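Worksheet: the structure to be examined is printed underneath.
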Amino acid sequence: MTPSDDPALRADLDAGLHTLGLAPALAGPLLAYLDLLARWNRTYNLTAIRDPREMVTRHLLDSLAMVPHVADLPTLADLGTGPGLPGIPLAIALPALKVTLVESNGKKARFLREAVRTLKLANAEVAESRIEAVDRPGAFAAITARALATLPDILAAGGHLPAADGRLLAMKGVRPDDEIAALPPGWAVRDIHPLRVPGLDAERHLVVVGRTPPQGA
């Protein structure tokens, strides 16, 4: 049985979409993505989470909790996206958002290309590359990373990618005060948003980091 054939899984997803204020029609393409991920995961080990119902909460709904914070952006680079998280669920939910999925692992990049093709995501592209090697300085309104590294390490690798007024939108568990204290010069926290993920009994925060104005500006 595929995930999309499981009525309990579908009920979890429908309830989560309702809680997040998202359209019920998103369930179809999200389940198509989950079917593809579950099938590839049996061979390629794309994610350590094996239970499809757990994938709904920890992958789909966790990613979609970001929607209010990216809904008005034109472009987003998802760094170290792995199997496409949060980038693919966000691209599904927000057709006007152009998402670049950055992933250096070959088997994960192959999966991403297949997912983009199968799901007909015209607003998503795959960059099979190390983050620091992506030669698109200032090209994105925001960059995001879900479980990649510390805030300083994310900025060390991908800090060249946001536009001058761009942002890092880092998905974190507990509030990462030690990482915030270690931000490199030229960067500062703009906001910290607690995220409520339906079905997840754990802390989640979205840390928004931006450039500081040059001295004398």
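Taken together, A48, A15 contain a single residue that is more than 14 Å from the chain's Cα centre (by Cα), modelled with pLDDT of 95 or more, open to solvent by 10 Å² or more (accessible area, probe 1.4 Å) and over 23 Å from A96 (Cβ atoms), which is A15. Within the range 85-108, if we keep just the residues that are more than 25 Å from D191 (Cα to Cα) and without any contact (Cβ under 8 Å) to a residue 60 or more places away in the chain, the residue that is surrounded by the most Cβ atoms within 10 Å (Cβ to Cβ) turns out to be E103.
Number of residues in the range 167-199 that are open to solvent by 30 Å² or more (accessible area, probe 1.4 Å) and either of a type in the set (D, E) or within 20 Å of R136 (Cβ to Cβ) (or both) equals 7. Evaluated against (1) under 20 Å from P3 (Cα atoms); (2) open to solvent by 40 Å² or more (accessible area, probe 1.4 Å), P74 falls short on exactly one condition, (1).
Just so you know, in the range 125-135 the residues that are without any contact (Cβ under 8 Å) to a residue 40 or more places away in the chain and in a loop (DSSP other than H, G, I, E, B) include one that is nearest to K172 (Cα to Cα), and it is R130. Note on the range 167-182: residues that are farther than 25 Å from D62 by Cα and either touching a helix residue (DSSP H, G or I) at 6+ places or on another chain (Cβ under 6 Å) or in a strand (DSSP E or B) (or both) total 1.
The listed residues are A122, A202, A164, A142, and the only one of them that is surrounded by fewer than 17 Cβ atoms within 10 Å (Cβ to Cβ), part of a strand (DSSP E or B) and not acidic (D, E) turns out to be A164. Among the residues of the range 183-199, those identified as within 26 Å of L61 (Cα to Cα) and assigned to a loop (DSSP other than H, G, I, E, B) are L195, R196, V197, P198, G199. If the condition is being closer than 17 Å to L85 by Cα and more than 14 Å from the chain's Cα centre (by Cα), then the range 124-149 contributes A127, E128, S129, R130, I131.
The values are calculated or read from the model by the stated rules, or taken from the named source; none is laboratory data. What you are looking at is a predicted structure, and each value in this text was computed from that prediction instead of being measured. No Cβ is skipped: glycine too gets one built from the backbone with ideal geometry, and neighbour counts run over all protein chains shown. Remember, those area values only see protein heavy atoms, side chains included, never the ligands or the DNA or RNA. Shrake-Rupley method; radii C 1.70, N 1.55, O 1.52, S 1.80 Å.
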